[in-house]
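Encoded as structure tokens, the structure appears first; notes follow it.
FYI, it's all coordinate maths here, none of it is from the lab. No experiment lies behind these values; they were computed from the predicted model shown. Every residue, glycine among them, receives a Cβ derived from its backbone with ideal geometry; neighbour counts consider all protein chains shown.
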Amino acid sequence: MSTAQPDRNGRGRGGMFRTKSVEQSIQDTEEPEHALRKDLSALDLTVFGVGVVIGTGIFVLTGKVAKENAGPSVALAFVLAGIACGLAALCYAEFASTVPVAGSAYTFSYASLGELPAWIIGWDLVLELALGCAVVAVGWSGYIQSLMDNAGWHLPKALSGVQGDGFGFDILAAILVLVLTGILVAGMKLSSRVTAVVVAVKVTVVLIVIFVGAFFITGANYEPFVPPAKGTEGGSGLAAPLVQVIFGFTPSNFGVMGIFAAAAVVFFAFIGFDIVATAAEETRNPQRDLPRGILGSLAICTVLYVAVSVVVTGMQKYDRLSTKAPLADAFKDLGHPFWAGLISFGAAVGLTSVCMILLLGQSRVFFAMSRDGLLPRFFSIVHPRFGTPYRSTILLGVAVAIVAGFTSIDVLAELVNIGTLFAFVVVALGVVILRRTRPDLPRAFRTPFVPVVPALSILASLWLMLNLPTETWVRFAVWMALGVVVYFVYGRRKSRVSEADRLQPPTI
């Protein structure tokens with residue numbers, strides 16, 4: 001056997017680019033102390049996907065982007081964004097069904113790109129999901145505090161969140177994270193049942209809004225469907241998009257190009273479907289159910305987003321929509337405050353499931369990295385009764401609760417976006433590489449038109465990354481650099497694949 005090619009145990013590619021074979025990854029899931037319980041079905045996975053993607057954004061982003069970027073043609077922007085996400089989803093579906101192991105993009109990278117790239121993507125996902133959960137928890141707290149204020153109940157300022165330059169701790173956000181952490185520790189089946197109830201309420205509210213709002217649509221509000229193009233002023237310094245800093249390009253709003261600019265914005269409303277892949281190891285029939293869960297949840301969310309965007313731009317002229325709560329305010333302006341209140345209730349309920357599933361994804365990535373020795377193995381022990389990675393779940397839950405308590409909702413939110421897009425690029429690249437290095441692997445689902453679909457997914461993700469602010473890239477680079485340091489100080493020496501290499505005699 002040539003030393004230039006890795007064998008099925010992942011050996012042969014030396015140093016920090018050594019891979020971990022698919023067979024070894026699956027074998028590790030059978031160790032009693034580190035084996036997760038298989039409780040999930042295709043329906044559970046689809047519910048998880050819808051639960052994390054459909055949040056407050058469906059009630060806010062649809063109208064905001066219509067007013068600022070695309071007018072009534074925002075519906076086309078959601079279709080374009082759904083197609084871009086669909087390219088990434090096809091790549092995730094192949095990997096998740098081929099490597100049904102916890103860890104999502106981290107595990108996929110380990111099997112195709114090597115240990116250091118896998119570490120980097122795992123490090124990226126842990127931060128991305130932690131910040132995402134913290135931001136969502138703060139948003140949920142804001143809705144609950146608003147409802148409490150309407151009822152005449154008021155929290156002390158010191159416990160209601162960051163207050164300007166003074167001290168503030170968001171006690172509601174922290175409590176939400178801790179309660180959801182407890183549910184996740186108690187088992188995936190309980191978590192899926194709680195999520196199913198929350199998602200049922202949330203989707204019911206969305207459907208009610210769509211059907212009721214349809215009675216208030218005025219055809220004239222759709223004219224012009226594609227408003228005339230209008231130039232925009234670019235940002236300056238680190239606040240400017242990276243594409244502007246590098247190429248001097250500034251996007252335009254409205255017109256045909258405005259649809260594409262809007263698609264870049266609304267793309268982030270779809271982020272989260274990839275978290276379904278983190279539950280691969282806890283799925284009863286992953287080869288069949290994971291592709292269904294990933295692609296099914298994305299299709300449902302795309303239809304709901306398009307429907308809401310059609311309704312909101314038909315209810316009120318796009319240039320009169322509010323940017324903070326466009327759908328609720330549209331109902332208020334038409335003299336229907338009850339429906340506006342129902343929307344706020346649906347948004348608050350919806351954020352609960354988003355927060356839980358972000359916590360779920362984060363703990364599974366951390367668990368997978370711990371089981372591989374790249375993080376302390378102490379955190380990969382599963383609970384003897386519940387079959388969940390309780391140590392990593394509790395550690396991360398407490399950390400996220402603290403971050404949520406002390407973080408304002410707009411701090412570092414862009415890092416969630418760039419982290420997800422980076423994962424999309426890595427997964428698409430990994431599909432192409434694994435097709436070449438391991439064509440013999442059984443693939444229950446195959447991404448069509450490889451390498452064209454992965455290439456399009458990579459290009460779409462890179463373009464969206466270039467449209468993020470330069471300061472986001474700087475923060476992302478700093479976090480990645482810190483991750484590389486941690487890898488060389490700890491992970492590289494403690495890696496189980498590294499230990500196996502040292503014990504294995506060299507191949508000839």
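Some values worked out for this structure:
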read-out: Net charge of Cβ neighbours under 11 Å - reference Leu125; Lys, Arg +1; Asp, Glu -1; value: -2
read-out: Trypsin sites (Lys or Arg not before Pro) restricted to DSSP loop in segment 298-403 with at most 13 other C-beta within 10 Å; value: Lys324, Arg385
read-out: Charge tally in the Cβ shell below 9 Å around Leu45, where Lys, Arg are +1 and Asp, Glu are -1, Leu45 excluded; value: -1
read-out: Those chymotrypsin sites (Phe, Trp or Tyr not before Pro) in segment 146-218 that DSSP places in a loop and that have at most 12 other beta carbons within 10 Å; value: Trp153, Phe167, Phe215
read-out: Cα gyration tensor category, rounded, prolate or oblate, for segment 63-161 with a/c compared to 1.5; value: oblate
read-out: DSSP H segments from the chain that extend 30 Å or more along their own axis, Cα-based, with Kyte-Doolittle mean of 0.5 or above; value: 74-98, 115-150, 188-214, 286-315, 337-371, 413-437
read-out: Cβ-placed point charges (K, R +1; D, E -1), dipole of the chain about Cα centre in debye, nearest 20; value: 900 debye
read-out: Highest to lowest packing among 430-441, 290-301, 458-469, scored as the average C-beta count within 10 Å; value: 290-301, 458-469, 430-441
read-out: Dimensionless Rg ratio for the chain, taking C-alpha atoms and the 2.2 N^0.38 Å reference; value: 0.97
read-out: Translational diffusion of segment 96-150, µm² s⁻¹ [Kirkwood Rh, Cα pairs; Stokes-Einstein; 10 °C; 1.306 mPa s]; value: 119 µm²/s
read-out: Cα centroid separation - segment 272-291 against segment 61-92, whole Å; value: 24 Å
read-out: Tensor-based shape of segment 355-468 (alpha-carbon gyration tensor, a/c under 1.5 rounded, otherwise prolate or oblate); value: oblate
read-out: Listed peptides 218-227, 15-24, 487-496 by packing density, highest first (mean Cβ within 10 Å); value: 15-24, 487-496, 218-227
read-out: Within-13-Å neighbourhood charge of Lys67 [Cβ basis; K, R +1; D, E -1]; value: +2
